[in-house]
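Notes for the one structure printed next.
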Amino acid sequence: MLLNLISNGFYAASKRGEIGDEGFEPSLTATTKNLGNRVEIRIRDNGTGIPPEVKEKMFNPFFTTKPAGEGTGLGLSMSHDIVVKQHGGQIEVDTEPGQFTEFIITLPRAAAKTRAGERN
């Protein structure tokens, strides 16, 4: 999941660099924060950002904005399922088209419980 978000960030930053913004320096940061019983992970790039109409669909399976052969549309869908369904966490997106995208992942420190109180 983290590798997918980082790879997408590199892709967005390289695409913005191709546009030719004068003085543009591609950047990707990863930070963590202790929230007590939860951990926060932030992955932020200064790439192309995400338009509102794409943001609405980006976690849908097989949705992609990449050209044919460059993406399957499964990365963000699977990342969402890993964070939310498998680990009981949250994934949020803060973005400004043409400026940046930041994914905020919040995960519980304890493993998510499954049926009948079993642990993953």
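What follows is calculated from the coordinates using simple rules that are stated; it is not laboratory data. Predicted, not measured: the structure shown is a model, and the values here were computed from it. A quick note on method: Cβ atoms are made from the backbone with ideal geometry, for glycine too, and the neighbour counts reach across all protein chains shown.
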Worksheet item: What dipole magnitude, in Debye to the nearest 20, does region 2-110 give about its Cα centre under +1 on Lys/Arg Cβ and -1 on Asp/Glu Cβ?
Response: 520 debye
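Which of the chymotrypsin sites (Phe, Trp or Tyr not before Pro) found in region 1-54 are in a DSSP loop and have at most 15 neighbouring Cβ atoms, other than their own, within 10 Å? It would help to have the intermediate numbers written out before the result.
Details: sites: Phe10, Tyr11, Phe24; in loops: Phe24.
Qualifying residues, ordered by number: Phe24.
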Worksheet item: Can you give the angle from 0 to 90° between the axis of helix 2-19 and the longest principal axis of the chain, with both taken from C-alpha atoms, to the nearest 10?
Response: 10 degrees
Response to the item:
So the number of lysine pairs in the chain with alpha-carbon atoms under 21 angstrom apart, 8 or more residues apart or on different chains, is 8
Practice prompt. Could you check which residue among Gly75, Gly36, Gly47 shows the biggest mean-square fluctuation in a GNM of the chain with a 10 Å Cα cutoff?
Written response: Gly36
Practice prompt. Using the Karplus curve 6.51 cos²θ - 1.76 cosθ + 1.60 with θ = phi - 60°, work out ³J(HN,Hα) for each residue of region 82-94 in order, rounded to whole Hz, and write x for Gly and Pro.
Written response: 4, 5, 7, 7, 8, 10, x, x, 10, 9, 10, 10, 10
